[in-house]
């Protein structure tokens, strides 16, 4: 596939520019209803865009200064799973508000004793008449304190083998019996939470897919999570890229240090490889295939890459890099030479420690690659 962007006179560009001219400041709902939030999704939630068309949409929205709604877990993880296994009623109810970021989502998967070993989760859901009663605890739940809904894994058949008997639910975060407690990370931010579920009652139609088949759906979610967490930015698809770091150094007058030049060139090359791998996963999704080992390959590479980008930015800042709110380079006039605020770089260095842990540790990703891609045997039992 040719990944070069089509020229300005491409009919898809012309059509999109006409739409933007009619909607110069579109709301999240307007973008969602036009299919431009996740353009590769099928109509009516997307426009069924192929990878090239999706890049055109990204490029034209960026050029017009149009920001898409932010709902990382909803758009990146919950939505694709609902598309795969949700009922028509669930799709109609949840997908447009999710795309418009009118309802924020969180993920209720990890537990104190079941993080990377997710299949050993102990949260239970028992059917009581026409309701599910959920009892358990989740941890490291991003955005639980602001979310309207969570995607929840709970064991519904306790006697089934480990990877069976798990079901997948949509859980309203304001349901009675839910307690959310904050976890403050080393950046000082409150993103993570622990969530307690004390006899939380969910309606029967909160179940997504078949009872006891939630592990299959969890793999769909985690595959999309790994695609989402390895977007263009160095911090799980957010924030500066290796190209931004190169631009910052170039804007400050460049460098004659051969070691730094080699590091920058290597990071830029790695960033391009990751960009093309991302397009490959998008192509697979458009072909009707679930995200496969490629998603784990890209996440494993992207996590290390993100840490390297932020570490080099800190090194370039020198002694001033030990201070909060410092960027990678100093032009000598108080500016950083970077299109990103200095605070983003210093925050990014602290945040980058989480990259190889969240969304499946690097060790887990390498196990997936070894077993599914290379055909190596499973780790021996302890």
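Summary table below
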| quantity | calculated |
| --- | --- |
| Top-ranked residue of segment 132-180 - restricted to ones that are touching a helix residue (DSSP H, G or I) at 6+ places or on another chain (Cβ under 6 Å) and touching a residue at least 60 places away in the same chain (Cβ under 8 Å), ranked as farthest from residue 106 (Cα to Cα) | 168 |
| Single residue of segment 131-148 satisfying the filter (under 26 Å from the mean Cα position of the chain (by Cα) and either assigned to a strand (DSSP E or B) or not assigned by TED's automatic domain parsing to the domain that holds residue 179 (or both)) that is surrounded by the fewest Cβ atoms within 10 Å (Cβ to Cβ) | 137 |
| Residues of segment 76-94 that turn out to be closer than 13 Å to residue 149 by Cβ and in contact (Cβ under 8 Å) with a residue 24 or more places away in the chain, as a count | 8 |
| Residue, nearest to residue 362 (Cα to Cα), within segment 154-165, restricted to residues that are at pLDDT below 95 and touching a strand residue (DSSP E or B) at 6+ places or on another chain (Cβ under 9 Å) | 164 |
| Hey, residue 335 over 30 Å from residue 50 (Cβ atoms), at pLDDT below 80 and surrounded by fewer than 17 Cβ atoms within 10 Å (Cβ to Cβ) or not | yes |
| Among the residues listed as 202, 245, 264, the single one being at pLDDT 90 or above and not assigned by TED's automatic domain parsing to the domain that holds residue 324 | 202 |
| Selection count, segment 37-54, where residues are in contact (Cβ under 8 Å) with a residue 60 or more places away in the chain and not in a loop (DSSP other than H, G, I, E, B) | 2 |
| When residues of segment 95-119 are limited to those that are out of contact with any strand residue (DSSP E or B) (no Cβ under 7 Å at 6 or more places or on another chain) and assigned to a helix (DSSP H, G or I), the one nearest to residue 357 (Cα to Cα) | 118 |
| Residue 44 being closer than 28 Å to residue 280 by Cβ, modelled with pLDDT under 95 and either surrounded by 15 or more Cβ atoms within 10 Å (Cβ to Cβ) or not assigned by TED's automatic domain parsing to the domain that holds residue 363 (or both) | no |
| Residue within segment 92-105 that is surrounded by fewer than 22 Cβ atoms within 10 Å (Cβ to Cβ) and closer than 15 Å to residue 207 by Cβ present | yes |
| Of all residues making up segment 106-130, the number that are within 27 Å of residue 363 (Cβ to Cβ) and either in the same structural domain as residue 28 (by TED's automatic domain parsing) or touching a residue at least 12 places away in the same chain (Cβ under 8 Å) (or both) | 15 |
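The values are calculated or read from the model by the stated rules, or taken from the named source; none is laboratory data. In this text the structure is predicted, and so the values were computed from the model without any measurement. No Cβ is skipped: glycine too gets one built from the backbone with ideal geometry, and neighbour counts run over all protein chains shown.
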